[in-house]
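Novice: Input: one structure, supplied below.
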Amino acid sequence: MAEANLPETARITISLNGIEITLSVQSFDLLIDVLRNALSLKGTKRSCDVEVCGACTVLVDGLPVSSCTTLAVDVDGRSVTTIEGLAAGDQLSRVQQAFVDHAALQCGFCTPGMVLATTALLATNAAPSEAEIRHFLSGNICRCTGYVKILEAVKSLV
Amino acid sequence: MLLPPFTHHRPTELAEAHDLIAHFGDEASVYAGGTELLLAMKARVLRYAHLIDLKRIAALDGIRRDGDEIVIGARMSHHRIATDPLVQKLLPTYAALSNNVANIRVRVAGTLAGNLCFAEPHADPPALLAVLGASVELSNGETARRVPIADFIEAEFTTVREPDELLVAVRIPLPLPRSAYSYQSFGHLERPAVGIAAGCARQDGGWRYRVWAGAISDRPTCLDDLEAVLAGVPPHDLMDVLPAAAITAGASLAAHDDIHGSADYKQHLAGVLAQRAVRTAADTCLAGETVHG
């Protein structure tokens, strides 16, 4: 069988948006491809592909990582939160609602990463200063808003 | 971009990792965060048939005090170091540097040990670690050795680590009483174009300065001519000699034009940042901070 020459397939178990799942991945699969292709979670966006832009941000054990440069096998046994995991039914999370209320998005492509990074920031620092907000979000690039509306949205949660 | 196929190994013991390295040789690379290795593999700059994940090895975990040193395990991320209470208290300048590496996602995944072993010149840690007198602990599973950071990085993407050795820990001496440090960097990209680290210590009634340049050349470089000019100069007299000596020191650094800027631009930056780093370290030292690494 040809499979004999293929690198191993791994079984990984993750808590994905609060639900424990087990799935088979190739050892060289990137997390972004597993999320978008195998699991159809298209809210995670691919853009720069080199960990600079933040569009592919997901939370692993509550902290942001670039899913474009994370191996799927490396999240085995850990919790993964994507943008699809923030709302409770029709009820947006407070960060999502703040982005809506402040019109903190235009094209929306960076928004899942921005919202997840903000969620992680507020979970680790409930009352960040404006300088701390800017520093934490400086790795998430938006090419529409000029960041003012995003900052206003985040500051409204402090 | 997809990664080329490879087989993944996940040892939980150091001995197991050494066995895998011995077995696969050049076919394998170790990794922890993967923030630099996976990018290079996606770009087809590097190719390995086997990747050996070090993250599940408990012996590489932890940040602890060992006598007069802080010992940082090889799998500790920049974020973990930046938020560690021991590092924040005893080495606050290094904690601040860790909190400013690249972006939060890279800090969460990327490790200090991986950053040092990859030896991309445009990196923040080496210059300040050199000023602090840090060393790395290398082990091939049978024998261990310690190498000062200043000697560890040989050139761009090149270190003295042998193929069978793992960097198991980074050791940073506790700062002397009445000493202070500063790291100043600038770049228009996430990586620094130039980073300058300075230390100021009051010893035996006199003043002593340490200044290292990072990112600009192919390895961290001691600005020893500048250190010699500054030796013995009290902080309030620094401005008599520092500006001219710092500009001269910056201009003497090996540099080449690259995406971070032209050679003369980066040499100018080095001179300006050297002044700021020395002054900040001296001012902090004078203000009576007794421990400020």
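Novice: Just need the relative contact order of chain B here, percent rounded to a whole number, with Cα pairs under 8 Å and 6+ apart. Can you show the working numbers first?
Specialist: Details: 645 pairs, mean separation 47.5, N = 293.
16 percent.
Novice: Right, another one. How many percent of Cα pairs in the range A:9-80 exceed 15 Å?
Specialist: Values: 1226 of 2556 pairs.
I get 48 percent for the Cα pairs in the range A:9-80 exceeding 15 Å.
Novice: Residues of A:139-151, mean number of Cβ from any other protein chain within 10 Å of their own Cβ, rounded to a whole number?
Specialist: 1
Novice: How long is the range B:41-88 along each principal axis, judged by its Cα atoms, biggest number first, in Å?
Specialist: Each principal axis gives a Cα extent; for the range B:41-88 these are 42, 20, 17 Å.
Novice: Comparing the chain by itself with all protein chains present, which residues of the range B:1-28 are at least 30 Å² less accessible (probe 1.4 Å)?
Specialist: By number: B:MET1, B:LEU3, B:PRO5, B:PHE6, B:THR7, B:HIS8, B:ARG10.
Novice: Given 0.36 nm per residue, what is the gain on full extension from B:THR158 to B:GLU120 after removing their alpha carbon distance, in nm? Before the final figure, lay out each step's value.
Specialist: On the way: separation 38, 0.36 × 38 = 13.68 nm, distance 0.85 nm.
Gain in length upon complete extension: 12.8 nm.
Novice: Sticking with this structure for a sec: Am I reading the B/A interface right? What is its buried accessible area, both sides, 1.4 Å probe, to the nearest 100 Å²? Intermediate results must be reported in sequence, preceding the final value.
Specialist: Values: alone 13330 and 8380 Å², together 19280 Å².
Interface area, both chains combined: 2400 Å², rounded to the nearest 100.
Novice: Output the Kirkwood hydrodynamic radius of the protein assembly as shown, Cα pairs only, in Å rounded to one decimal.
Specialist: Working: mean 1/r = 0.0431 Å⁻¹.
Averaging 1/r across every pair of different Cα atoms and inverting gives 23.2 Å.
Novice: Roughly what would the spin-label model give for A:ASP61 and B:ALA49, points 7 Å off Cα along C-beta, in nm?
Specialist: Those two pseudo-labels are separated by 3.3 nm.
Novice: Calculate log10 I(q)/I(0) of the range A:94-155 for q = 0.16, 0.17, 0.24 Å⁻¹, where I(q) comes from the Debye formula with a single equal point scatterer on each Cα and nothing for solvent.
Specialist: The computed values of log10 I(q)/I(0) come out as -0.41, -0.47, -0.99.
Novice: Rounded, prolate or oblate: which fits the range A:35-125, taking a ≥ b ≥ c as square roots of the Cα gyration tensor eigenvalues, rounded meaning a/c under 1.5, else prolate when a/b beats b/c? Let's see the in-between values first.
Specialist: Numbers: a/c = 1.57, a/b = 1.37, b/c = 1.15.
Taking the square roots of the gyration eigenvalues as a ≥ b ≥ c, the range A:35-125 is prolate.
Novice: Looking at the range B:143-205, which GluC sites (Glu not before Pro) are in a loop (DSSP not H, G, I, E or B) and have at most 13 other Cβ atoms within 10 Å? Please report the intermediate quantities before stating the final value.
Specialist: On the way: sites: B:GLU154, B:GLU156, B:GLU165, B:GLU190; in loops: B:GLU156, B:GLU165, B:GLU190.
Listed in order of number, the matching sites are B:GLU156.
Novice: Ranked highest first by the average count of other Cβ atoms within 10 Å around their residues, in what order do B:232-239, A:27-34 fall? Mind dumping the intermediate values first?
Specialist: Details: B:232-239: 14.8, A:27-34: 22.9.
Highest to lowest by the protection proxy: A:27-34, B:232-239.
Novice: Tell me, which cysteines of chain B are without a disulfide-compatible partner by the Cβ under 4.7 Å rule?
Specialist: B:CYS117, B:CYS222
Novice: Could you state the accessible area per residue of the range A:94-155 in Å², with a 1.4 Å probe and every protein chain left in place?
Specialist: Working: 2900 Å² over 62 residues.
So the range A:94-155 comes to 47 Å² accessible per residue, rounded to a whole number.
Novice: For chain B, find the longest principal axis of its Cα atoms and tell me its angle to the long axis of helix B:14-24, 0 to 90°, nearest 10.
Specialist: 70
Novice: Now for a different question. How high is the FRET efficiency from B:ASP240 to B:ASP19, r the C-beta distance, R0 41 Å, rounded to 0.05?
Specialist: Details: r = 60 Å, r/R0 = 1.46.
With a Förster radius of 41 Å, E is 0.10.
Novice: Okay, next question. Considering only C-alpha atoms, what is the centroid distance from the range A:97-149 to the range B:12-38, in Å?
Specialist: First find each Cα centre; the distance between them is then 37 Å.
Novice: Further, regarding this structure: A drop of at least 30 square angstrom in accessible area, chain alone versus all protein chains together, probe 1.4 Å. Which residues of the range A:18-46 meet that?
Specialist: With the partner chains in place, the range A:18-46 has these residues losing at least 30 Å²: A:SER27, A:PHE28, A:LEU30.
Novice: Quantify, in whole percent, the carbon and sulfur part of the accessible surface of the protein assembly as shown (1.4 Å probe; protein heavy atoms only).
Specialist: Accessible surface attributable to carbon and sulfur in the protein assembly as shown totals 52 percent.
Novice: Kirkwood hydrodynamic radius, chain B, all distinct C-alpha pairs: what's the number in Å?
Specialist: Details: mean 1/r = 0.0510 Å⁻¹.
Computed over Cα pairs of chain B, the Kirkwood hydrodynamic radius comes out at 19.6 Å.
Novice: Something else about it: When a/c reaches 1.5 or more, the comparison of a/b and b/c decides; with that in mind, is the range B:133-279 rounded, prolate or oblate per its Cα gyration tensor? List each step's numbers first, then the result.
Specialist: Details: a/c = 2.53, a/b = 1.27, b/c = 1.99.
Because a/c hits 1.5 or more and a/b fails to exceed b/c, the range B:133-279 counts as oblate.
Novice: Right, something else. Taking the Cα atoms of chain A, what is the range of coordinates along each of the three principal axes, in descending order and whole Å?
Specialist: Cα spread of chain A along its principal axes, largest to smallest: 58, 29, 25 Å.
Novice: Tell me, Kirkwood radius of the range B:195-246 from alpha-carbon pair distances, in Å? Provide the component values of the computation, followed by the final result.
Specialist: On the way: mean 1/r = 0.0865 Å⁻¹.
For the range B:195-246, inverting the mean 1/r across all distinct Cα pairs yields 11.6 Å.
Novice: Report the charge-dipole magnitude of the range A:9-80 in Debye, nearest 20, computed about the Cα centre from +1 at each Lys and Arg Cβ and -1 at each Asp and Glu Cβ.
Specialist: Details: 6 positive and 8 negative charges, 49 e Å.
Magnitude of the dipole: close to 240 debye.
Novice: Taking a probe of 1.4 angstrom, what is the accessible area of A:THR13 in Å², to the nearest 10?
Specialist: For A:THR13, the solvent-accessible surface is approximately 50 Å².
Novice: The range B:28-126: D in µm²/s via Stokes-Einstein (Kirkwood Rh, Cα pairs, 37 °C, 0.692 mPa s)? Intermediate values should be presented prior to the final figure.
Specialist: On the way: Rh = 14.1 Å.
For the chosen part, D equals 233 µm²/s.
Novice: Right, another one. Rounded if a/c is under 1.5, else prolate if a/b beats b/c, else oblate: with a ≥ b ≥ c from the C-alpha gyration tensor eigenvalues square-rooted, which is the range B:128-199? Please report the intermediate quantities before stating the final value.
Specialist: On the way: a/c = 3.10, a/b = 1.38, b/c = 2.25.
The shape class here is oblate.
Novice: Expressed as a rounded percentage, what relative contact order does chain A have, with Cα pairs under 8 Å and six or more residues apart? Don't skip to the answer; put the middle values down first.
Specialist: Working: 269 pairs, mean separation 36.4, N = 158.
Contact order relative to length: 23 percent.
The values are calculated or read from the model by the stated rules, or taken from the named source; none is laboratory data. As the structure is a computational prediction, the values presented were derived from the model and not from experiment. Cβ atoms come from the backbone with ideal geometry, glycine included; neighbour counts cover every protein chain shown. SASA here: full protein model, heavy atoms, side chains in, ligands and nucleic acids out. Shrake-Rupley method; radii C 1.70, N 1.55, O 1.52, S 1.80 Å.
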